[in-house]
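Peer 1: Structure incoming, see below.
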Amino acid sequence: MGFVYMKDALLTGSTGFVGHEILRALVEETELEKIYLLVRDKNKANDRLSDILNHARKFGKKILFLEGDIINENLGLSEENILTLKNVSEVYH
């Protein structure tokens, strides 16, 4: 039996220093195809992470923002976004 690579992950805190470095490592050193980022503000996160978003494209990775907050019930996510996360196999918090 071989090693099974996960395809999708959810990362919280990606706009902070440590989260940014975790995101970079997930892009460069894993076989993940999609990385969902839980962010409070999509526009601010897009501005702050523009370098890593461009870098991710070079690696063929999709990075998708989900607007929410960890202090809210269900992370403050819509029902649609919650369903989107049902196939996520790894969570980094």
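The values are calculated or read from the model by the stated rules, or taken from the named source; none is laboratory data. Keep in mind the model is a prediction, meaning the values are calculated, not measured. With ideal geometry, Cβ positions are generated from the backbone for all residues, glycine too; neighbour counts draw on all protein chains shown. The accessibility values were calculated without ligands, DNA or RNA, using every heavy atom of the protein model including side chains. Shrake-Rupley method; radii C 1.70, N 1.55, O 1.52, S 1.80 Å.
Peer 1: Report residue 69's accessible area, 1.4 Å probe, all protein chains in place, as a number in Å² to the nearest 10.
Peer 2: Accessible surface of residue 69 is approximately 30 Å².
Peer 1: Would you please report the Å³ per residue occupied by the convex hull of the alpha carbon atoms in region 44-93?
Peer 2: Taking only Cα atoms, region 44-93 has a hull volume of 106 Å³ per residue.
Peer 1: Another question about this same structure. Springs between alpha-carbon pairs under 10 angstrom, Gaussian network model over the chain: which of 72, 43, 81 fluctuates most?
Peer 2: Fluctuation is largest for 72.
Peer 1: Sticking with this one: What are the residues whose amide H is under 5 Å from the amide H of residue 63, where those residues sit 5 or more places off or on another chain and H is modelled from the backbone?
Peer 2: 35
Peer 1: Starting at the first residue of region 75-92, write each ³J(HN,Hα) from the Karplus equation 6.51 cos²θ - 1.76 cosθ + 1.60 with θ = phi - 60°, in whole Hz, x for Gly and Pro.
Peer 2: Those phi angles translate into 6, x, 8, 6, 4, 4, 5, 4, 5, 4, 7, 5, 9, 5, 9, 9, 10, 10 Hz.
Peer 1: Quick check: convex hull over the Cα atoms of the chain, volume per residue in Å³, rounded to an integer?
Peer 2: 101
Peer 1: Using the Karplus curve 6.51 cos²θ - 1.76 cosθ + 1.60 with θ = phi - 60°, what ³J(HN,Hα) values do you get for each residue of region 39-50, in whole Hz, with x for Gly and Pro?
Peer 2: 10, 6, 9, 4, 5, 5, 5, 4, 5, 5, 9, 4
Peer 1: Taking the Cα centre of the chain as origin and charging only Cβ (+1 Lys, Arg; -1 Asp, Glu), how large is the dipole, in debye to the nearest 20?
Peer 2: Its charge dipole is roughly 280 debye.
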